[in-house]
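Undergrad: Dropping the structure in here first, questions after.
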Amino acid sequence: MRGGKQLKKYKLFHWLYNLWHIKSLRHNRDAYRRYGIHKPLFASISSKDFPDKTSKAWLDTDDAALIASSREGFSDFDPSTRSQIGQWSAKGYMILEKLFSDKEADDINAEINRLQHSGKLRFTNGNKLMFANRLSPLIHDTCYDKRLTSVLDFLLDKKVVPFQTINFIRGSEQKAHSDSIHMTTYPLGYLIAVWIALEDITLQNGPLFYYPGSHKLPFLFNSDYDNDSSPLTLGDKTYADYEDMLQDILKQNEFQAVPFLAKKGDVLIWHANLVHGGMPIKDKNATRKSMVIHYYADDVIKYHEITERPSLMKLD
Ligand SMILES: O=C(O)CCC(=O)C(=O)O
């Protein structure tokens, strides 16, 4: 194991890093008070600190088909969006076709290209271009685009704030996972993600896939795969152990993976616990330009279950 990785096992390393970035943790202050968490903002935090393990989002505790249409703002959406909001509780995703024009997608692609060439944006974690929203007013403004946030705010019945953007030039080929173990909230259910196709997607260029209905599976935590931490160190399981556990759960259920064969400008919105990933790339030369935006609800506790770190939010 490399030195950096080894160091990250120790919670002390995270506490010092968090103290250094304490301003970016202030977003949790009111929520800690509201939910009775008596810990310093820089301390480790995990599901062990919270009493319950199920979503409290309104469309998870009740059925959107029954309750959404009577909520203020519902009639402002177009018929397709209204119908898909009604199916949110059952499906855990929705698709907004051609939400972005070709020109808007091209402008984002040109911006990402420019940021890469200037050296400001580099691949990390394999083939991810992270946090372009912190570098570019165009990407930043895209995260706050009302066409997106009006739907997201409605789905969570809370104001959303972007946590991160991830741009891909090629398919991720990422194995099935739920975002909730990466970006976790208390109460649960208050993460939501948007995936924007920045070019046409085919089976050749490694589409995103998702399992409709899988958001109803139990939320998974470190304790579910023996990855519990000690007071000073994180658990010793690997991310592959999490992926294997989820594969086993998927096998025991009837879910069918669906590829998102999007047209440029189409958007997929997914639930905090919807299982998804990236399909294999068949044409190794093909690009698959896309952008993910992960949002949290503004007023909940935001953290990362796997690493037990509170989320660092650069709010503006
Ligand atoms: O775009 C992809 O292939 C995967 C993206 C993803 O899984 C994520 O951002 O959570």
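Undergrad: Provide the per-residue ³J(HN,Hα) series for the range 254-269, in order, calculated from phi with Karplus coefficients 6.51, -1.76, 1.60 and θ = phi - 60°, each as a whole number of Hz, with x at glycine and proline positions.
TA: Taking θ as phi minus 60°, the curve returns 9, 5, 10, 5, 10, x, 8, 8, 7, 8, 3, x, 6, 10, 10, 10 Hz for the range 254-269.
Undergrad: Calculate, in nm to one decimal, what Asp228 and Asp157 gain on full extension: separation in residues at 0.36 nm each, minus their alpha carbon distance.
TA: 22.3 nm
Undergrad: Another question, if that's okay. Given the pairs Lys158/Lys289; Lys159/Lys264; Lys146/Lys264; Lys120/Lys289; Lys11/Lys39, which are separated by over 23 angstrom at their Cα positions?
TA: Lys158/Lys289; Lys159/Lys264
Undergrad: In addition: For Ser69, project a label point 7 Å along Cα to C-beta. Then give me every residue of the range 126-156 with its amide nitrogen under 20 Å of that point.
TA: 151, 154-156
Undergrad: Return the long-range amide H neighbours of Leu188 (sequence gap of 5 or more, or a different chain), with a cut-off of under 5 Å between placed amide H atoms.
TA: HN-HN under 5 Å from Leu188: Lys56.
Undergrad: Just subtract the alpha-carbon distance of Phe77 and Lys175 from 0.36 nm times their residue separation and send over the number in nm, one decimal.
TA: Length gained between Phe77 and Lys175: 31.9 nm.
Undergrad: According to a simple spin-label model (label point 7 Å from Cα along Cα-to-Cβ), what is the distance in nm between Lys48 and Leu312?
TA: 2.4 nm
Undergrad: In the chain, which longest range has no GluC sites (Glu not before Pro) that are both DSSP loop (not H, G, I, E or B) and surrounded by at most 11 other Cβ atoms within 10 Å?
TA: Formally, the longest exposed-site-free interval is 98-253.
Undergrad: Further question: If you bin the C-alpha pair distances of the range 200-286 every 10 Å from 0, what whole percents do you get?
TA: Spelled out per bin, shortest first, that is 15, 37, 30, 15, 3.
Undergrad: What chymotrypsin sites (Phe, Trp or Tyr not before Pro) in the range 1-97 are in a loop by DSSP, with at most 15 other Cβ atoms within 10 Å of the Cβ?
TA: Values: sites: Tyr10, Phe13, Trp15, Tyr17, Trp20, Tyr32, Tyr35, Phe42, Trp58, Phe74, Phe77, Trp88, Tyr93; in loops: Tyr35, Phe42, Phe77.
The qualifying sites are Tyr35.
Undergrad: Name the residues of the range 49-90 whose amide N is less than 18 Å from a point 7 angstrom out from the Cα of Glu254 along the C-beta direction?
TA: What the label zone holds, given the 18 Å backbone N cut-off, is 90.
Undergrad: Taking the Cα of Gln116, stepping 7 Å toward and past its beta carbon, and measuring to each backbone N in the range 140-173: which are under 16 Å?
TA: Output list for this probe position: 166-173.
None of the figures in this text is laboratory data; all of them are computed from the coordinates on show. Source: prediction; values computed, not measured. Every residue, glycine among them, receives a Cβ derived from its backbone with ideal geometry; neighbour counts consider all protein chains shown.
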